[in-house]
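The values are calculated or read from the model by the stated rules, or taken from the named source; none is laboratory data. What you are looking at is a predicted structure, and each value in this text was computed from that prediction instead of being measured. Here the Cβ positions follow ideal geometry from the backbone for every residue, glycine too, while neighbour counts run over all protein chains shown.
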Amino acid sequence: MKAEESTLMFEVFDEVSGNPKAEEFEFSMKYYESHTFVDGPDMCNSGAYIFHPMDGQLHPYPYGDVQQVNITQGKLTQEMIITFGKCLYEEKEMSMKSQVHISIDRELALIKIDVDLDSLPLQQVYNGYEVVPNFHVKNFENDKVFYTDSNGLEMQKRILNYRPTWVWDATSQPVSQNYYPINSALSLKDASSQRQFTVMNDRSQGGTSMLPGTIELMQNREAPSEDGKGVGEPLIERDAFGRGIRVKATYYVQICDGVKRLPLQRIAQQKIHDPANYFFNFNLTRSLETPVVKDILSAAYKDAGVVDAVKVVHVPKSKNHVHLRLQNLADWYDSNAKTQKVDLEMIADALW
Amino acid sequence: MLYEGMDVNNKAYGKLVGDKVLNEFGHMSSGAWEQCAFMNSTFADCPVAQKADETEQYSLNVAVHNPSSLDLESAKVSVPPHQNYNVMVFNKESQTFEHAYSEKSCFQDHLDNQDQTMVANCHMDIKVSTPAQGISLIKMEATKEVAAVAEPEVMTEG
């Protein structure tokens, strides 16, 4: 790993080929300046409803420089903790602060990136900040095509600067027009190989791929003027102490040969949507009166076919009445997508 | 309104977890099974913060519920930096708590309070299997000995 000013560079090991430098991956924090304080009916300022970068800004600027990199190594986890920040306007206090934790997920061989984005800088020059973590794979040519999920389900093909049903206006807001809702993943495929580059998020965000091998997702925004779409106030969110809100988000990244290695997007999606829940208690005693009941639910669900991309949703309706929803999250975008057989009787028996 | 709804749900969820712990692990709890106030936050937002302020010796019991269809191999618990723990996991076969491998790593974070107080926040990574749609039970006995936490290596140049 190397750090240069605002960018972290990694060499990614490929288990299948054994190549220790199979891919070169870069991560950086970036931002767009908001288009603000323009009057008139066509003002179209950036605000709660509208994302509109400053006119002429086609690519985001670096958001803070790498200040420090800490590495912790253990048998269970290895983690890099990177602190970004920058002093603005000759201030002594650091602005543009974020702390990024990068590790390898233990259950899934994916890069896990936790971004703790601190309050956005004070807007002394009324410019607004729209901050985007930026993910980049070198020597990756996706030929202006990327794929975004449709409400967490089927991946949709998107083409840069193009709409299938109307003529794209190249003169108006080139960045915003290429932004799409990302509820679970944005993915690229290399045009000349089977390589696939996917970034999965843990919340709904806006996102795009403006440059080859590059993915950006919007994590927080602050725009000092309003967009005239009905809110009637600027987009400035404060915490209980009057500071700009702090926004944490987690991203999973997979760079792989989409045929030789299993794409893990849908399996990661299950982990993200249903994370482990932790409960704490300080007073626990062995109860000899209570017979211990063997838990059969997990094994029974697996036997019934609830594995891999199969997701089961339980919707309690009333006493002894549970509505079950079964979904096969996989779609034809994944090379390993397949039909899954599920035995409903077995699931019902296990629940009962 | 949303907060109140979540609070009601979390209490009911905690009660269900208590029932599962009793039925599957044969352990009864007095007091509620509580969650941290926020996810992905520091130990200060978790029940252990208050307990660690009151006493040095306590047993922190953790029930991990995995609602996904994916088996989990480890758990991560936020803990205070000044304490160490003897970590055990309940083995259903032997019906006893057995020693589990764990690692503690700490990093600097700030609290979401008026002064943005800097704290060392620690994560205890624990090797424990939690099956899909299942629960695992961990016991963390706080020990008096000062936690030996390796200082992270600081990279100064690329």
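Annotations
- Test: A:I102 is over 30 Å from B:D71 (Cβ atoms) and not in a loop (DSSP other than H, G, I, E, B): no
- Only one of the numbered conditions (1) more than 13 Å from chain B (Cβ to nearest Cβ); (2) assigned to a strand (DSSP E or B) is not met by A:T285, and that is (1).
- Residues that are surrounded by fewer than 16 Cβ atoms within 10 Å (Cβ to Cβ) and more than 18 Å from the chain's Cα centre (by Cα) were ranked within region A:77-105; the one that is nearest to A:A249 (Cα to Cα) is A:Q78.
- Breaking point among (1) closer than 30 Å to B:G31 by Cα; (2) of a type in the set (F, W, Y); (3) part of a loop (DSSP other than H, G, I, E, B), for A:F279: (3)
- Spans of strands (runs of 3 or more DSSP E) in region B:63-124 with at least 1 residues within 12 Å of another protein chain (Cβ to nearest Cβ), closer than 24 Å to B:A32 by Cα and of a type outside the set (D, E): B:72-79, B:84-91, B:96-99
- Of the residues making up region B:47-54, at least one is part of a helix (DSSP H, G or I), at pLDDT 90 or above and polar (S, T, N, Q).
- The residue that is modelled with the lowest pLDDT, among those in region A:198-235 that are β-branched (V, I, T) and surrounded by fewer than 21 Cβ atoms within 10 Å (Cβ to Cβ), is A:V231.
- Of all residues in region A:250-272, those being in contact with a Pro (Cβ under 8 Å, 6 or more places away or on another chain) and not hydroxyl-bearing (S, T, Y) number 2.
- Of all residues in region A:307-320, at least one satisfies being more than 7 Å from every other protein chain (Cβ to nearest Cβ), at pLDDT 90 or above and farther than 29 Å from B:N40 by Cα.
- Filtered residues of region A:65-78 (kept if touching a residue at least 24 places away in the same chain (Cβ under 8 Å) and more than 7 Å from chain B (Cβ to nearest Cβ)): A:D65, A:V66, A:Q67, A:Q78
- Of the residues A:R163, A:R195, A:R158, the single one that is at pLDDT 95 or above and on the phi < 0 side of the Ramachandran plot is A:R158.
- Inclusion of A:S204 among residues that are of a type outside the set (F, W, Y) and touching a helix residue (DSSP H, G or I) at 6+ places or on another chain (Cβ under 7 Å) is not warranted.
- The number of residues in region A:271-283 that are crowded, with 21+ Cβ neighbours inside 10 Å and at pLDDT below 95 comes to 1.
- From the options B:L22, B:L16, B:L2, residue that is within 8 Å of chain A (Cβ to nearest Cβ) and among the aliphatic types (A, V, I, L, M): B:L22
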